[in-house]
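Undergrad: Here you go, one structure.
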Amino acid sequence: MDELITIDDLSFGYGSSSLHKNINMKFSRGKVSAIMGGSGCGKTTILKLIAGQLIPKSGKVIVDGQVVHEQDRDGLYNVRRKMGMLFQHGALFTDLSVYENVAFPMREHTNLPENIIKDLVLLKLNAVGLRGAQKKMPSELSGGMARRVALARAIALDPDIIMYDEPFAGLDPISMAVICDLIRSLNDALGATSIIVTHDVAETFSFADYIYFLADGKIAAEGTPKQLLASRLPFVRQFIHSEKDGPVPFHVEAPSYKVDLQL
Amino acid sequence: MNKILNFIEGIGSTFRRKMARLGAGTRLFFLVLIYSGDSFKRIHLTIREIYFTGVLSLIIIVVSAFFVGMVLGLQGYYTLEKYGSSEAIGVLVALALVRELGPVVTALLFAGRAGTAITAEIGLMKATEQLSAMEVMAVSPVARIIAPRFWAGMISMPILATIFSMVGILGGYFIAVLVIGVDEGSFWSQMQANVDFSNDIVDGAIKSIVFGFACTIIALFEGFDAPPTAEGVSRATTRTVVISSLAVLGLDFILTSFMFV
């Protein structure tokens, strides 16, 4: 089977509202896929659905042949052991040092002796260039460094799937380039399948293999970066070229000016 | 007519919300019991939390206890003196502390010092997605975060209440014997003769265990249930103090009516 993750006819919403309507997605093994779209269109929700933190209203999320939301707690935890996730702001454990943060999944899920844990932690920290920061606390790190530590923690157990939630948000250009490079190189070195949720066009188009565009709860477009750059779809053009008006309107839907001003 | 209906509906929905929260709190307690094995296996987590909730609360407990004991000594002496029985000051101080003030004041201070810290810490962990990160790593936050704090609270609270009573008695001794000059022999011997181990000390200990349970589970639940925003965490922290204090005073009345009446 070529697809590691399949999202099949999925609908989701909070309460009676509807966020996603009959979405289909496939994430191929060994590839870096991106989910793009405007703020609040439900990109991160897709990651939470894949991780089984949310339950779809209808449809399925299948990870490595298993339907995620049909698993019991142990089954779900077994599925999650195949995943690593980088949260938007890192979500490092603030009471643990950098070293202990990366060692956390190893201590929780393995019985490895301390000397092997040490070797593995230093290996992972070296991969993200932060071996020298092992003794620091999360509060002493910059935003970019915190995200790299979180990345080291996400890959601590060599997961099959690595999910990135807005990995570039709020980073300076140098940190952004570092993270871009790490996502691609780690994916290829680990033979993992990566999913990135982002709205940064230039970075994503430079290294992603396949891209989905979400808008209005549906997939507005999909394809390789090359195909999407050539796309004539108005939404894709507006998004890629950062045009402020188009299918996504500048003004939020509102009653007429006359009504608001009581004229 | 509509207003009346809305009013009734309002009462109903508030009651339902409160019941749902009570149910969620009870569910959290059972989850804690289920995951307690995990937290005992990694006992260092519980010991670390005993340090934060218990050891770091010691100063406020000791200082408060000494003052409470001194006030009891003063007030007790002036009242007893009117009846010519100022030697009974030792019994009065000891019984007041062991039966009531020890467990109750310790629990109120515990809710204010340790309970708020627990709620704010867990609420902020939730707001910064640390609990979600743990879930995605296939680690239960109840096992790793909640259960060790629960047992730390359950262990710390009775010990703190005992220390409170002991230091309070020393405060009473300081005022009554050393300052006012009540006979030291009768201070201690009357206390020894009239404070019963199984009726007074054990009942006081039971109270402190019950209060420890109430304060800890309320603080944990409020943190775990807090909306992940600055406002949500601040409201949850306030609720911890308010609900814990009311729960302690309410439970104290119920327990006292069973134990000493």
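Read-outs: derived from the displayed coordinates by stated rules, not from any lab. As the structure is a computational prediction, the values presented were derived from the model and not from experiment. Glycine gets a Cβ as well: all are built from the backbone with ideal geometry, and neighbour counts include every protein chain shown.
Undergrad: Can you tell me which of A:G90, A:G84 is surrounded by 19 or more Cβ atoms within 10 Å (Cβ to Cβ), within 9 Å of another protein chain (Cβ to nearest Cβ) and assigned to a loop (DSSP other than H, G, I, E, B)?
TA: Answer to the check: A:G90.
Undergrad: What about B:P148, is it crowded, with 19+ Cβ neighbours inside 10 Å and within 30 Å of A:G75 (Cα to Cα)?
TA: Values: crowded, with 19+ Cβ neighbours inside 10 Å: yes; within 30 Å of A:G75 (Cα to Cα): yes.
Against the criterion (crowded, with 19+ Cβ neighbours inside 10 Å and within 30 Å of A:G75 (Cα to Cα)), B:P148 qualifies.
Undergrad: Somewhere in segment A:68-81, is a residue in contact with a strand residue (DSSP E or B) (Cβ under 6 Å, 6 or more places away or on another chain) and of a type outside the set (D, E)?
TA: yes
Undergrad: Only residues that are hydrophobic (A, V, I, L, M, F, W, C) and either closer than 16 Å to B:G115 by Cβ or free of Cβ contacts under 8 Å to residues at least 60 places away in the same chain (or both): list them for segment B:59-70, please.
TA: Of segment B:59-70, the ones hydrophobic (A, V, I, L, M, F, W, C) are B:59-63, B:65-68, B:70.
Of everything in segment B:59-70, those that are hydrophobic (A, V, I, L, M, F, W, C) and either closer than 16 Å to B:G115 by Cβ or free of Cβ contacts under 8 Å to residues at least 60 places away in the same chain (or both) turn out to be B:I59, B:I60, B:I61, B:V63.
Undergrad: Find the helices (runs of 4 or more DSSP H) located wholly in segment B:95-158 whose residues include 3 or more that are more than 14 Å from chain A (Cβ to nearest Cβ), and list them.
TA: Hits in segment B:95-158: B:102-110.
Undergrad: Sticking with this structure for a sec: Among the residues of segment A:60-81 satisfying the criterion of being of a type in the set (D, E, K, R) and within 18 Å of B:I145 (Cβ to Cβ), which is nearest to the other protein chains (Cβ to nearest Cβ)?
TA: A:R80
Undergrad: Considering each residue of segment A:94-123, count those that are within 11 Å of chain B (Cβ to nearest Cβ) and surrounded by fewer than 21 Cβ atoms within 10 Å (Cβ to Cβ), and give that number. Can you show your working first?
TA: So the first thing to find is which residues in segment A:94-123 are within 11 Å of chain B (Cβ to nearest Cβ), and the list is A:94-96, A:101, A:104-109.
Next, from what is left, pick out any that are surrounded by fewer than 21 Cβ atoms within 10 Å (Cβ to Cβ): A:94-96, A:106-109.
So the answer is 7.
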